[in-house]
Amino acid sequence: MASDIAYSRPLPPPPPVSTPKEIDPEETIILRQVESARRRIATVELTWRVLVLVAGAIVFAIIAAVLDQWVFPKGMPNAVRWSLWAIFIAASLAWMIVSVGPYLIRRIHPVFAAYVVEQAVPSLKHGLISFLTLRGAKDQFETDPIRKNVFRGLETTTADTVAKVPVEAV
């Protein structure tokens, strides 16, 4: 029978046990600030785009009322009324897909959030962007003590400055 066949290949070795890397408290402060900036940027962008949609709906309603009352003496024909509504629905859906959709699907890039924070707080002097871009190469700095100390200094200075920034400033 097929169930009596034994496999002669040995099992692969288990994956190596990796110790979770400890995150510095300074790094945690920086990442929290960047995350809050990302959320605020997304909220502001979504809010103004939805407000533009509401303003467009109000303008559409005013134009439709003017057409209905002043342009057509006995009211708009049903074909014109339905076509206006179809145009409004199509334009609203297009606006939602093109303008609002990307902010619901994608996230704000952390480097852009850092740029916005640095624009609000000029004393950071590109420290936040530098930290985020160099953070990926943090393991390479462990071999060179000078690079390691420079990165730690950048991290400490950036964390101290970012900790003083109120969330409303961004």
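The values are calculated or read from the model by the stated rules, or taken from the named source; none is laboratory data. Worth saying up front: this structure is predicted, and the values here are computed from it rather than measured. Methodologically, a virtual Cβ is constructed for each residue, glycine included, from the backbone with ideal geometry; neighbour enumeration extends over all protein chains shown. Surface accessibility is based on the protein's heavy atoms, side chains included, excluding ligands, DNA and RNA. Shrake-Rupley method; radii C 1.70, N 1.55, O 1.52, S 1.80 Å.
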Debye, to nearest 20: dipole size of the stretch 61-157, +1 on Lys, Arg Cβ, -1 on Asp, Glu Cβ: 60 debye
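Taking all pairs of different Cα atoms in the stretch 54-170, averaging 1/r and flipping that mean, what Kirkwood radius in angstroms comes out?
Numbers: mean 1/r = 0.0523 Å⁻¹.
The Cα-based Kirkwood calculation yields 19.1 Å.
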Set of aspartates and glutamates near Lys125 by C-alpha distance (under 14 Å), chain-local residues within fewer than 8 positions excluded: Glu155, Asp160
Distance (nanometres) between label positions extended 7 Å along Cα→Cβ at Ser83 and His126: 5.7 nm
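So, with +1 on the Cβ of K and R and -1 on the Cβ of D and E, and no other charges, what is the size of the charge dipole of the stretch 23-62 about its Cα centre, to the nearest 20 debye?
Using Cβ point charges on Lys, Arg, Asp and Glu, the stretch 23-62 gives about 300 debye.
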Ordering of 27-35, 64-72 by burial proxy (mean other Cβ atoms within 10 Å per residue, highest first): 27-35, 64-72
Extended-chain gain in nm, criterion 0.36 nm per residue less alpha-carbon gap, Ile97 and Thr47: 16.5 nm
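Taking all protein chains as present, what is the carbon and sulfur share of the accessible area of the chain, in % to the nearest whole number, probe 1.4 Å?
On the way: 8400 of 12550 Å².
Carbon and sulfur together cover 67 percent of it.
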Whole-angstrom gap from the stretch 91-135 to the stretch 24-84, using each part's C-alpha centre: 21 Å
Under the span-like rule (Cα at least 18 Å along the axis, Kyte-Doolittle mean at least -1.0), DSSP H helices of the chain: 25-66, 78-95, 145-163
Reach of Lys148 by Cα under 12 Å, taken over aspartates and glutamates that are not fewer than 8 positions away in the same chain: Asp139
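Just check the stretch 30-110 against the gyration tensor rule for me: Cα atoms, a ≥ b ≥ c as the square roots of the eigenvalues, rounded for a/c under 1.5, and otherwise prolate or oblate depending on whether a/b exceeds b/c. Working shown, then result.
Details: a/c = 8.28, a/b = 3.26, b/c = 2.54.
Prolate, since a/c reaches 1.5 and a/b exceeds b/c.
Dividing the convex hull volume of the alpha carbon atoms of the stretch 131-170 by its residue count, what do you get in Å³ per residue? Could the numbers behind the result be given before it?
Numbers: hull volume 2.4 nm³, N = 40.
Spelled out: Cα convex hull of the stretch 131-170, divided by residues, is 60 Å³.
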